[in-house]
Amino acid sequence: MALLLLLFFLTVPVVSADDDAFIGVNIGTAVSDMPSPTQVVALLKAQNIRHVRLYDADRAMLRALANTGIRVTVSVPNEQLLGIGQSNATAANWVARNVIAHVPATNITAIAVGSEILTTLPNAAPVLVSALKFIHSALVASNLDGQIKVSTPQSSSIILDSFPPSQAFFNRSWDPVMVPLLKFLQSTGSYFMLNVYPYYDYMQSNGVIPLDYALFRPLPPNKEAVDANTLLHYTNVFDAIVDAAYFSMSYLNFTKIPIFVTESGWPSKGDSSEPDATLDNANTYNSNLIRHVLNNTGTPKHPRIVVSTYIYELYNEDLRPGPVSEKNWGLFDASGMPVYTLHLTGAGTLLANDTTNQTFCVAKEGADPKMLQAALDWACGPGKVDCSFLLQGQPCYEPDNVVAHSTYAFNAYFQKMAKSPGTCDFKGAATITTSDPSHDSCIFPGSAGRNGTFPNTTSLAPSSNSSTSGCHSIYFYGAGSVTTSVIIGVLLMSVVCL
């Protein structure tokens, strides 16, 4: 009878929130040199990232995201949950300030109320569902409930006996919260938000879970995990956890709630107790995760139901407390350099491949003009950059200011040095961007140019016979001629080439 019941659960249709799966990114802010919202959005647009999750509802970020079409999930921070869950008026005010004030220009499509409340802030659990209902009521009052879904991310640790998935169930002590939560999600057509971290399952398994199984690496059929109750084969931990959540909801008689994975990733660095937090493993996991999700294959339990996923995370958050791994989940480090290059051939235009051929070094927004001048003199002198393109009458002379000229020189040096780490710094006056700074007839080294061909970059260093070799001190700008508009660069280098 138990087997028949489980097989019945397998055949119950589940309503999907999207026809096609998507990959989004989480944007944390515990970064010592956080890029500006404008810079972050420039990267998102350049990389065709169409879904982002914010851990708050930062006004500047929401304004920067306006008119981009990017689908945004905003969040109620944990510290605000108690107030919102106890007051309908407080919830309405939060929605008015953080949602209504920004739509429709900013495409807000979901509100994540808190994060892992049951496991990280259990004293707020009694008001969690009230908070969701109050937020939803405010959306209904503004006729936004059809556009914006309300849910709350949960840790997969609330699932007990997660393998085999068919025997999984939620921690019964949370039934007084989970049952009304699932009723709310089902009645509003929302989805169950789940944070899935195979890294932690692997680390805590004491060798029971093979590393390849956690990393989506191909397994021979005899190594695949098989659920003895359903005979479903599991080739990776990610699918097993998601299906464990589906079975846990089925155990409580909820079968029509789709799952969105709000966080998943792998750390690229750890301390001595975290030997598998490595660059290679992080690259392998995230690359395989993206391919897996975008294949629209679903899970063994629901092969036709997509599992859209947000990668944790865009930046290494160097200010986060805890072990070394806590600071190293990002695709980029705090200086904007890629931690590793994702291997995503065949994954389409989203984070598609190696970005190192499409990155440039530019003057940092707001950099001191005197620092730019000194760095420009160095690049055109000891740095041996060919700055002849900056002379009067040459293609890159205009605009005639220190920002534009230093940007050209910085990038020429960066390209000449094969974009080696540390070659786009200039004592903090420069930063890396994926936006091509070429303009008019001034084609920067490393640019594909207007005709799609790369200019000759083999002669960036001036020859010994050049009359302009070094260009020492010929670039001087009076304080009045330096403009305040700086070429916008992103403090990140993308992981793909578009």
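The values are calculated or read from the model by the stated rules, or taken from the named source; none is laboratory data. All of these numbers come straight from a predicted model, not from anything done at the bench. Methodologically, a virtual Cβ is constructed for each residue, glycine included, from the backbone with ideal geometry; neighbour enumeration extends over all protein chains shown. For the accessible areas, the whole protein counts, side chains as well, though only heavy atoms, and no ligand, DNA or RNA atoms are used. Shrake-Rupley method; radii C 1.70, N 1.55, O 1.52, S 1.80 Å.
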Residues of the stretch 334-372 being open to solvent by 50 Å² or more (accessible area, probe 1.4 Å) and either assigned to a helix (DSSP H, G or I) or modelled with pLDDT under 75 (or both), which ones?
S335, H343, T345, G346, T349, N353, D354, N357, P369, K370, M371
Given (1) buried (at least 23 other Cβ atoms within 10 Å of the Cβ); (2) modelled with pLDDT under 95; (3) hydroxyl-bearing (S, T, Y); (4) under 20 Å from K149 (Cβ atoms), where does Y246 come up short, assuming only one miss?
(2)
Can you spot a residue in the stretch 378-400 that is of a type in the set (A, V, I, L, M), modelled with pLDDT under 85 and buried (at least 22 other Cβ atoms within 10 Å of the Cβ)?
no
Identify the residue in the stretch 42-60 that is at pLDDT 95 or above and basic (K, R) and, among all such residues, is surrounded by the most Cβ atoms within 10 Å (Cβ to Cβ).
R53
Looking at the stretch 251-287 only, could you name the residues that are farther than 17 Å from K327 by Cβ and among the basic types (K, R)?
K256
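Within the stretch 371-391, how many residues are charged (D, E, K, R) and within 12 Å of K416 (Cα to Cα)?
As a first pass, look at the stretch 371-391 and keep what is charged (D, E, K, R): 377, 384, 386.
Those left that are additionally within 12 Å of K416 (Cα to Cα): 384, 386.
Total meeting the criteria: 2.
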Do you know which residues across the stretch 412-435 are surrounded by fewer than 17 Cβ atoms within 10 Å (Cβ to Cβ), under 25 Å from the mean Cα position of the chain (by Cα) and at negative phi?
S420, P421
Given (1) surrounded by 19 or more Cβ atoms within 10 Å (Cβ to Cβ); (2) within 27 Å of the chain's Cα centre (by Cα); (3) not in a strand (DSSP E or B), M193 misses just (3)
Is it the case that the stretch 115-129 has a residue that's modelled with pLDDT of 95 or more, among the polar types (S, T, N, Q) and crowded, with 22+ Cβ neighbours inside 10 Å?
yes
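Matching residues to (1) in contact with a Cys (Cβ under 6 Å, 6 or more places away or on another chain); (2) of a type in the set (S, T, N, Q); (3) touching a residue at least 40 places away in the same chain (Cβ under 8 Å):
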| position | (1), (2), (3) |
| --- | --- |
| D368 | no, no, yes |
| L372 | no, no, yes |
| C387 | yes, no, yes |
| L390 | yes, no, yes |
| Q394 | no, yes, no |
| P399 | no, no, yes |
| N411 | yes, yes, yes |
| G422 | no, no, no |
| F426 | no, no, yes |
Residue check for T38: of a type in the set (S, T, Y), at pLDDT below 95 and in a helix (DSSP H, G or I)
yes
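So which of T152, T109 is open to solvent by 10 Å² or more (accessible area, probe 1.4 Å) and hydroxyl-bearing (S, T, Y)? Spell out the reasoning first.
Working: T152 fails: open to solvent by 10 Å² or more (accessible area, probe 1.4 Å).
Just one listed residue meets the conditions, T109.
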Please determine, by comparing only the residues of the stretch 65-91 that are of a type in the set (A, V, I, L, M) and touching an Asp or Glu at 6+ places or on another chain (Cβ under 9 Å), which one is nearest to F22 (Cα to Cα).
V74
Suppose we filter F216, F238 for residues that are crowded, with 21+ Cβ neighbours inside 10 Å, of a type in the set (A, V, I, L, M, F, W, C) and part of a loop (DSSP other than H, G, I, E, B); which single one remains?
F216
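Does V486 satisfy the condition of being open to solvent by less than 40 Å² (accessible area, probe 1.4 Å), of a type outside the set (K, R), at pLDDT below 65 and not in a helix (DSSP H, G or I)? Outline the logic, then answer.
Working: open to solvent by less than 40 Å² (accessible area, probe 1.4 Å): yes; of a type outside the set (K, R): yes; at pLDDT below 65: yes; not in a helix (DSSP H, G or I): yes.
Yes, satisfied.
Among the residues of the stretch 156-165, is there at least one that is open to solvent by less than 50 Å² (accessible area, probe 1.4 Å), within 23 Å of A244 (Cβ to Cβ), touching a Lys or Arg at 6+ places or on another chain (Cβ under 8 Å) and not hydrophobic (A, V, I, L, M, F, W, C)?
Looking for residues that are open to solvent by less than 50 Å² (accessible area, probe 1.4 Å), within 23 Å of A244 (Cβ to Cβ), touching a Lys or Arg at 6+ places or on another chain (Cβ under 8 Å) and not hydrophobic (A, V, I, L, M, F, W, C), one finds at least one in the stretch 156-165, hence yes.
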If we scan the stretch 287-295, do we find a residue that is under 13 Å from L215 (Cβ atoms) and basic (K, R)?
yes
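Rundown of residues vs (1) among the basic types (K, R); (2) assigned to a helix (DSSP H, G or I), yes/no style:
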residue	(1), (2)
N253	no, no
I257	no, no
K269	yes, no
S272	no, no
P275	no, no
Y285	no, yes
R291	yes, yes
K301	yes, no
